[in-house]
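What follows is a short report on a single structure.
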Ligand code: FES
Ligand code: FES
């Protein structure tokens, strides 16, 4: 064993995807590609007002359309739902009132899509319009216009976490900086629109649901609870998922409605969203209004943070509770933070509901925190790189919360980007209009506690080994494009010494695979890794009894390599794996192995304590060099560097792909992405034409690096990689723009017109309050005035 | 008014009953079970429905099926020959250019149109060639690499063909 952990044969190799050929041939089956005998089509009717009481729904004309089989409304819905069933507010079809424009109010099933569409148009809904609240700051003051009757001042959730005496520490800190930030309203932007094919079998009472979802076992629970269908009579099957990014963690109304219609008709019903419906379903990132006050000592160590966070929750509950506390938790890393006060609020507004988007909570925190660090560095008089190194956490760090860092190579990440980008040499010294910025980040590798109210294992793996199917892994994991299938096969191959392409994977099916907590919070590879390793150990403990006799070596001295079981000490003493299996099956019986994993569950006694602790944290550092065109306001990213600590990379090629994809999502949010609603709450850009995501031409050259790392708490040394790297993108750019032109932008997206407003080149519209600030230290450091002319002493 | 037309797709002729307003994407996916062509937006913005018509890129979600009579349509299903992947497809697999795979069929076809016209494209030409195809997963780095690699493979195959 080297300093970098275990030696591996298959783990750590950039092998191609097991499902790659299917995908590149157009043979991978996504939900909307499916068709079942007797299948009919469903379509939803959507609200045309953002806030209104439903006075009447007339479905008679819709029923008359030839080919229409069923029309349903909210009256047929039994219960509302939400993530964790905490303040359930959303109905499969709105009941009584609608709280955002685009909410589903009725549904049709028909023989073909055209008939369903015609019928939907003929449904007549009358609303009594109510005040439309679009800004959470306004919604807070409008208790007279509650979006949900039970939500006083429209507050869904609120909470405070306090560690130490913040006011006193800030008072005594030699340097204090303060600023406000606004993170934007973005969409996950997966290319595959949500689709569900529900198939209720009237003979057996089994409801089979094919849908693109990240948490099939959790979805099964939601369906059971919301539609009063017994768990054992629901089977969720996940076909290929065309991107998810958090946006497919929840049941969509269309999924629940397809189930209802199928149950009613006794035949398969498919509902696929249009792109416009995908945008209205939303469940992307929570916009946040944040205020931070941060203190530093004379060396640049952070002394305390006072953090206020107001989240725009849109119409429904969704992941709101989790997001609010996750933002609090993510504040505590990747820098040492001894004294903190967090005040969080999540407020309902009449907009499509934000939910979970890749790097949930991290994007908001990092944007504010990393900007504050640069402001602090300027105030203290240290380099932004040094201030990060001084405060960076290391393995063994435990702050005031229950969050513990068992392994970290964050400093290596910072060192790597600083040296590769030439940060220290460039910072503050590039010509006016050009600048460099840096930011750090981290993310958890799965929470310590289940989304389910239970204490069962978070990950379970079953292995079956025989001469009929070879090696088969049954696991509740769901691949969403991140490459899960390949790395799970690599792990099994590593343990049993077989080719990774020979491993059969049975997953994404609640009936065939054991319960799994789901694909979110970057938990899958870590948890599954432990479970697979344990299941393989179970197999080997059994199989080696027989193999030891065949090989003529002690059972504790055997290993599986290259299709053989051999003695560790005398590799020539060996037997073919298959032969040993054959012998085992004939002499002992069936060969099954089971493994499970549950993360450590630390105890705390503060509000929100269940959210945040994780068995492992991945880290990332990033630097961006930008050029600001002072005439057009265009910002060009001329260099981008990243270094990541994901522990051992099981498949480096996949890791690179995750990081590159994460950065492109971050760049989209920095420069273009924002859902816009008009004064009546109607979304103005529910399409990819006006909601602009990065194309190949928009991407700068990305220089990523996986730093040498091995997390000893992990089955294969691996930990989080796919989410953390989204977080530092916005602040790295904001810090670089500040270095370039001395203007600190505190809102995104950073469109050219905002740059010109800030530069004073053109006048900002009066109603537009732009989040920028400038700091006197900029001029002092650069020895020039904000416009680049030389500084005049007052 | 419905009518029967003949469409030539991946070298085979299909008789299909269509209405004049039927879009090529729906005919491919729903009438012919050629579901490799994806519908990410239905509005001409994402490129997942990219096919080649007479060798040129076209968006199947904006193309009327009736306008394709007498023309050669190539979909992702037509890229492999006798079970052997096209070099572009193989490059996508080997270079890690595939994540969720939803953009992949359209990307591969855009890459084919590009390489047919520019066998040795510059980096910028590659990016331009796939700029009508969104990918939310990869950040395009590995896709650009795959196209570059595919160009080299095709060039090598062509050189080898000349030598023989
Ligand atoms: S589906 Fe045709 S461009 Fe998006
Ligand atoms: S691989 Fe998922 S959109 Fe490109």
Inter-residue pairs, beta-carbon under 8 Å, first modelled with pLDDT under 95 and in the stretch B:138-153, second near ligand 2 (Cβ under 10 Å from one of its atoms) and in a helix (DSSP H, G or I), 6+ apart
none
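Residue by residue, here is whether (1) more than 14 Å from chain B (Cβ to nearest Cβ); (2) in a strand (DSSP E or B); (3) on the phi < 0 side of the Ramachandran plot holds:
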position	(1), (2), (3)
A:178	yes, yes, yes
A:181	yes, yes, yes
A:203	yes, no, yes
A:213	no, no, yes
A:221	yes, no, yes
A:225	yes, no, yes
A:246	no, no, no
For the stretch A:664-678, does any single residue satisfy the condition of being under 27 Å from residue B:126 (Cβ atoms), surrounded by fewer than 23 Cβ atoms within 10 Å (Cβ to Cβ), at pLDDT 95 or above and in contact with a strand residue (DSSP E or B) (Cβ under 8 Å, 6 or more places away or on another chain)?
yes
Which strands (runs of 3 or more DSSP E) does the stretch A:410-477 wholly contain that include 2 or more residues that are surrounded by fewer than 24 Cβ atoms within 10 Å (Cβ to Cβ)?
A:459-466, A:470-475
Considering only residues that are part of a helix (DSSP H, G or I) and under 17 Å from residue A:495 (Cα atoms), which ones fall in the stretch A:580-609?
A:580, A:581
Evaluation of residue B:70 against (1) without any contact (Cβ under 8 Å) to a residue 60 or more places away in the chain; (2) on the phi > 0 side of the Ramachandran plot (one fails), failing number:
(1)
Single residue of the stretch A:265-310 satisfying the filter (within 16 Å of ligand 1 (Cβ to nearest atom) and outside any loop (DSSP other than H, G, I, E, B)) that is nearest to the other protein chains (Cβ to nearest Cβ)
A:275
Among the residues of the stretch A:636-663, write down those that are within 29 Å of residue A:756 (Cα to Cα) and surrounded by fewer than 24 Cβ atoms within 10 Å (Cβ to Cβ).
A:636, A:637, A:638, A:639
So, first residue more than 7 Å from every other protein chain (Cβ to nearest Cβ) in the stretch B:92-109, second residue away from ligand 1 (no atom under 15 Å from the Cβ) and assigned to a loop (DSSP other than H, G, I, E, B), Cβ within less than 8 Å, six or more apart or across chains; the pairs are B:97/B:138; B:107/B:97; B:109/B:79
Hand me the list of strands (runs of 3 or more DSSP E) wholly inside the stretch A:20-81 holding 3 or more residues that are away from chain B (no Cβ under 14 Å) and more than 33 Å from the chain's Cα centre (by Cα).
A:52-58, A:68-73
Can you name every one of the strands (runs of 3 or more DSSP E) wholly within the stretch B:47-145 that holds 1 or more residues which are surrounded by fewer than 21 Cβ atoms within 10 Å (Cβ to Cβ) and away from ligand 1 (no atom under 16 Å from the Cβ)?
B:72-74
Suppose we filter the stretch B:17-35 for residues that are buried (at least 17 other Cβ atoms within 10 Å of the Cβ), within 20 Å of residue B:1 (Cβ to Cβ) and in contact (Cβ under 8 Å) with a residue 40 or more places away in the chain; how many remain?
4
Could you tell me whether the stretch A:103-114 includes any residue that is surrounded by fewer than 24 Cβ atoms within 10 Å (Cβ to Cβ), within 14 Å of chain B (Cβ to nearest Cβ) and in a helix (DSSP H, G or I)?
yes
Anything in the stretch A:603-616 that is crowded, with 16+ Cβ neighbours inside 10 Å and more than 19 Å from residue A:324 (Cβ to Cβ)? List them, or say none.
A:615, A:616
For the stretch A:530-543, how many residues are touching a strand residue (DSSP E or B) at 6+ places or on another chain (Cβ under 6 Å) and either buried (at least 23 other Cβ atoms within 10 Å of the Cβ) or closer than 28 Å to residue A:212 by Cα (or both)?
5
State whether one or more residues within the stretch A:497-507 are more than 23 Å from the chain's Cα centre (by Cα), closer than 28 Å to residue A:575 by Cα and within 14 Å of another protein chain (Cβ to nearest Cβ).
yes
For residue A:240, the lone unmet condition from (1) within 14 Å of chain B (Cβ to nearest Cβ); (2) within 17 Å of the chain's Cα centre (by Cα) is (2)
Can you name every residue in the stretch B:34-53 that is at the interface with chain A (Cβ under 7 Å from one of its Cβ atoms) and over 17 Å from residue A:28 (Cβ atoms)?
B:41, B:42, B:43, B:45, B:46
Any chance you could count how many residues in the stretch B:1-26 are part of a helix (DSSP H, G or I) and more than 13 Å from chain A (Cβ to nearest Cβ)?
1
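The values are calculated or read from the model by the stated rules, or taken from the named source; none is laboratory data. These figures come from a predicted structure and were not determined experimentally. All Cβ positions, glycine included, derive from the backbone under ideal geometry; neighbour counts span all protein chains shown.
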